[in-house]
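Right, one structure below, let's go through it.
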Amino acid sequence: MSKNWIIEVLGDLRGFAVMNDLPTLADQLEEAIVVAIAEIPPEDTASAGAGPNGAEAGRFAGTTR
């Protein structure tokens with residue numbers, strides 16, 4: 001079973017934090033996404049249309065402030 005779902009959930013939580021003016025939480029969630037990408041083997045994160053290592057970590061990048 002793919003572990004990619006956790007990266008997607010973290011991204012959704014980060015998006016919520018950004019939209020609700022919670023920049024510190026958004027930054028911490030971005031860090032958590034980076035850690036998840038680093039710890040999950042690439043074969044567990046493979047999905048169509050995803051970026052490096054199968055993750056979408058940067059989809060909210062640059063919108064925290």
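Take GLU31 and GLU8, extend 7 Å from each Cα along the Cα→Cβ direction, and tell me the distance between the two endpoints in nm.
2.7
Can you report the principal axis dimensions of the stretch 4-50 using only the alpha carbons, biggest first, rounded to whole angstrom?
On the principal axes, the stretch 4-50 reaches 35, 19, 12 Å in Cα extent.
Report ³J(HN,Hα) in whole Hz for each residue of the stretch 14-29, in order, from the Karplus equation J = 6.51 cos²θ - 1.76 cosθ + 1.60 where θ = phi - 60°; Gly and Pro get x.
Each residue of the stretch 14-29 in turn: 5, x, 4, 4, 4, 5, 10, 6, 10, x, 5, 4, 4, 5, 5, 5 Hz.
Computed from the coordinates by the stated procedures, all read-outs in this text should not be read as laboratory data. On a predicted model such as this, the values are computed, not experimentally measured, just so you know. Cβ sites come from the backbone with ideal geometry, for glycine too, and all protein chains shown count toward neighbours.
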